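Quick notes on the structure that follows.
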Amino acid sequence: MNGTNITSAEAARLLGVSERRVVALIHSGDLEAQKFGKSWAVSEESVRSRLASGTVSGRPPYGQKRRDLIQAYTLMNKNDAILHFVFDNESKRVVKVETDEHVIASPVGACRGIGKPTTAQLTSWITDRYIPENRIGLREILAKTGCKDPAELLFQTFGQNLTDQYWFRPEGSDLDWNEINYFHNPYVGNVNEKGPGSGTPGMLPKWWEQRDGKNFLIKGSDQGEREPFAELLASRLYKRLLEPQDFVAYSIEEYEGKPHSVCENFITEHTQLVPLREVMSCFRRPQYEPYNYAEYVEVCNELGVADIERQLAKMIVCDFLTANIDRHDMNLGLIRDSETLQFVGVAPLFDNGRGFYYSAQRESDFGSRPFFHTSHPFSEYPSSQLALVRDYSWFDARKLDGFEDEIVETLSRNELLPAWFPRAAAKQFEIQLERVIEAQEEHDR
């Protein structure tokens, strides 16, 4: 055997296979080698020839196989490189992570504390940006966009959404955030087009539109069309009780003859929404509902968030009044400055479409007691969650005088509701309000 010889380990590294596979190739005659004791001297020329022929076979390391199914990206915060990752389009997993200069700006939901995200954590965070499999109309969206699944749709829009400034820059690309972001640049406002809706989670059909330089979310409903009217009613209740900065205001518009809720984006190019789930998994430990109220308050205080208990009190009381069943751990949270990375406040109340007795199907579901429903995120029992409220100084029941009439007027516009529903809902609201007043009196004693 003439020429330069290399070890079996070096041959394995060059071929991208295991040493056991190299030995098998030697025994099959596909590689030239000579054995000295227990070691092999492999002909480097035969290794190079095999590489040149493109017939490398065996079980290559993960990062070297199926090159058509993996892609390298840089996770960016605007134009700051945070980390580099490799994504497997088949398994939908991040398989490699390497940090960059601005790793401290990693998404809160992708790491535990301040540090390097793991592949599992980054995979989970990316998955939370997908359109979910239960999105109404998903099949039509994928057909129109030519994507095979929500992951491909997200990556084709560079992983962007309108709740933060993170995006995925493909390896070797010189794309600039200022050229592609949805805060500055035009996009097609349509449920079946690629755009910011491609990275907006949630079951209901939804898309974004630009109006006079601002971004608005348009959201549909399920077959009963209850959600838009619940959003509108919640906004009217909040307007009576709360400060304007405490909530997102919703209106109703018709698209293709069906009611949709419309609201302006409360996130700007300088802020990020960090949901409760991500706050707790980063600064405490991964956990699930019901969350520990005192622990969440403690974390928020450590992060410098002002008036956290007052803001949580507003949420809990309003959710009790409306019997909201959808205040899950991604539907509340904190606001973070995307440049200083400081937490600057509590997110306004948003996504209230499963309120106002959404789960009621029969007139007998209403009664003389508080409405039976599952609450979130600190207790599944509404009364137990209401007992957590520590601040009623903002609550003035007199501001809700006559609100029952607004309930009847608003819900009567939904032609799909039974005729008895609007007045039954108004009566139920009176019962919910009486219980809150009792809780306030008990607290103030």
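Where a number appears in this text, it was derived from the coordinates with a stated rule and is not lab data. Nothing here was measured: the structure is a model prediction, and the numbers come from that model. Backbone-built Cβ (ideal geometry, glycine too); neighbour counts: all protein chains shown.
Under a 5 Å amide H to amide H cut-off, with H placed in plane at 1.01 Å, what residues pair with Thr99 once short-range neighbours are removed?
Counting only residues 5 or more places away or on other chains, the set is His84.
Using the Cα centre of region 190-338 as the reference point, and only Cβ charges (+1 on K/R, -1 on D/E), how large is the resulting charge dipole? Debye, rounded to the nearest 20.
80
Using alpha carbons only, how many angstrom separate the centre of region 306-325 from the centre of region 360-386?
15
Return a whole-number percent for the relative contact order of the chain, with Cα pairs under 8 Å and 6 or more residues apart as the contact set.
Value for the chain: 11 percent.
By a straight-distance test (C-alpha under 19 Å), which aspartates and glutamates pair with Lys258 as possible cross-link partners, with residues fewer than eight away in the same chain excluded?
Reachable aspartates and glutamates: Glu140, Glu209, Asp222, Glu225, Glu227, Glu231, Asp351, Glu409, Glu415.
What order, most packed first, do the peptides 381-387, 298-304 have when packing is the mean number of other Cβ atoms within 10 Å of each residue? List each step's numbers first, then the result.
Working: 381-387: 17.1, 298-304: 15.1.
So the order, starting with the most tightly packed, is 381-387, 298-304.
Of Asn181, Gln165, Leu142, whose Cα points farthest to the positive end of the dipole of the chain (charges on the beta-carbon: +1 Lys, Arg; -1 Asp, Glu; origin at the Cα centre)?
Going by the charge dipole, the pick is Leu142.
Kindly point out which whole DSSP H helices in the chain project their C-alpha atoms 20 angstrom or further along the helix axis while averaging a Kyte-Doolittle hydropathy of 0.5 or above.
Sorted by number, the helices that extend far enough and score high enough are 308-322.
How high is the relative contact order of region 84-131, in percent, counting Cα pairs under 8 Å that sit 6 or more residues apart?
30
Of all the Cα-Cα pairs you can form in region 271-444, what percent are over 26 Å apart? Don't skip to the end; give the middle numbers.
Details: 5061 of 15051 pairs.
Every Cα pair in region 271-444 considered, those over 26 Å come to 34 percent.
To the nearest 20 debye, what is the magnitude of the charge dipole of the chain about its Cα centre, counting +1 on the Cβ of each Lys and Arg and -1 on the Cβ of each Asp and Glu?
1780
Between Asn178, Asn77, Asn331, which gets the highest mean-square fluctuation from a Gaussian network model of the chain, Cα cutoff 10 Å?
Its mean-square fluctuation being the largest, the pick is Asn178.
Hey, can you grab everything whose amide H is under 5 Å from the amide H of Gly345? Only 5+ residues off in sequence or another chain; H modelled, so Pro and N-termini drop out.
Here Ile335 satisfy the definition.
Which residue, Arg135, Arg310, Arg362, has the most motion in a Gaussian network model of the chain that connects Cα atoms within less than 10 Å?
Evaluated over the chain, the most mobile residue of the options is Arg362.
Springs between alpha-carbon pairs under 10 angstrom, Gaussian network model over the chain: which of Ala419, Ala313, Ala33 fluctuates most?
Ala33
Using alpha-carbon positions, what is the distance between the centroids of region 403-445 and region 149-226, in Å?
36
Dividing the Cα convex hull volume of region 243-346 by residue count, how many Å³ per residue is that?
Considering the Cα atoms of region 243-346, their hull volume per residue is 135 Å³.
Sort largest first and round to whole Å: the equivalent ellipsoid semi-axes of the chain, each the square root of five times a Cα gyration tensor eigenvalue.
Computed over the chain, the values are 54, 24, 20 Å.
Which of the pairs Lys92/Lys144; Lys96/Lys219; Lys144/Lys219; Lys314/Lys427; Lys219/Lys239 have their Cα atoms more than 24 Å apart in this structure? Working shown, then result.
Details: Lys92/Lys144 22 Å; Lys96/Lys219 36 Å; Lys144/Lys219 19 Å; Lys314/Lys427 22 Å; Lys219/Lys239 21 Å.
In this structure, Lys96/Lys219 lie more than 24 Å apart at Cα.
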